[in-house]
Amino acid sequence: MNVHLFGSGPSPTIATYGLRKTVEGEEKFGTEVKNFVHHDYYVDDGLCSKRTAAEALDLVCNTTALAKANLLLHKIVSNSVDVMEAFPTQDRTKDIKELDLRKDSLQALGSLGVCWVIERDTFTFCVTPPDKPFTQRGVLLI
């Protein structure tokens with residue numbers, strides 16, 4: 001099969017399988033990229049933490065080698081300005097593309113169901129209560 005229509009039930013599994021199969025040859029992409037894809041990816045979102053900006057930059061740069069297999073790494077976000085400035089603005093997430101990273105404050109972004117407050121490097125839950133009455137029925141329907 002060369003093409004898969006996304007949106008069907010098994011799509012996330014197929015995307016994960018394809019990504020992992022692509023990095024199978026460690027010599028081509030490196031052990032660190034393989035571990036990143038196998039352990040820190042969920043469908044098409046990669047999320048990991050590194051001790052230094054240099055380590056993070058090295059990992060993301062090595063992972064961009066997946067472009068040789070037509071898998072483009074984009075929507076890049078980091079709490080390190082140095083890491084963000086290493087990539088062209090079109091590869092950054094849409095909320096960060098237009099910001100001056102040295103002056104503007106970074107907002108919270110959603111990732112894998114939680115909100116990441118970039119400047120404090122913390123995860124929170126963003127809950128918006130629905131417009132339901134606070135009755136027994138209204139609370140149960142939330």
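Within the assembled protein chains, the solvent-accessible surface assigned to residue 85 is about 90 Å², based on a 1.4 Å probe.
Within the chain, what is the longest stretch that has no chymotrypsin sites (Phe, Trp or Tyr not before Pro) placed in a DSSP loop and near at most 12 other beta-carbon atoms within 10 Å?
1-124
Note on the chain: Rg/Rh from Cα positions, Kirkwood definition for Rh, rounded to two decimals, is 1.05. In this structure, residue 114 and residue 67 have a Cβ-Cβ separation that, at R0 = 30 Å, corresponds to a calculated FRET efficiency of about 0.60. Among the trypsin sites (Lys or Arg not before Pro) within the range 92-138, those in coil by DSSP and having at most 14 neighbouring Cβ atoms inside 10 Å are 94, 97, 102, 103, 120. With the simple spin-label model, which puts each label point 7 Å out from Cα in the Cβ direction, the residue 31 to residue 50 separation comes to 1.7 nm. Both numbers refer to the Cα atoms of the range 58-142; Rg and Dmax are 17.9, 56 Å.
Could you give the length gained by full extension between residue 13 and residue 124, i.e. 0.36 nm per residue of separation minus their alpha carbon distance, to one decimal place? Could you put the intermediate results ahead of the total?
On the way: separation 111, 0.36 × 111 = 39.96 nm, distance 2.69 nm.
The span from residue 13 to residue 124 would gain 37.3 nm if fully extended.
Each residue of the range 46-59 is assigned a 3J(HN,Hα), and the resulting list reads x, 9, 8, 10, 10, 5, 10, 5, 5, 5, 5, 4, 4, 5 Hz, derived from the Karplus form 6.51 cos²θ - 1.76 cosθ + 1.60 (θ = phi - 60°), x at Gly and Pro.
Provide the per residue accessible area, probe 1.4 Å, for the chain, rounded to a whole number of square angstrom.
On the way: 10190 Å² over 142 residues.
I get 72 Å² per residue for the chain.
Charges were assigned to the Cβ only: +1 to each Lys and Arg, -1 to each Asp and Glu. The resulting dipole of the chain about its Cα centre is roughly 420 debye. Between the amide H of residue 78 and any residue lying 5 or more places away or on another chain, no distance stays under 5 Å, with hydrogens modeled in the peptide plane. For 14, 96, the ranking by accessible surface with the largest value first comes to 14, 96, using a 1.4 Å probe.
The values are calculated or read from the model by the stated rules, or taken from the named source; none is laboratory data. Predicted, not measured: the structure shown is a model, and the values here were computed from it. Counting neighbours? That spans all protein chains shown, and the Cβs are built from the backbone with ideal geometry, glycine included. Note: areas computed on protein heavy atoms with side chains; ligands, DNA, RNA excluded. Shrake-Rupley method; radii C 1.70, N 1.55, O 1.52, S 1.80 Å.
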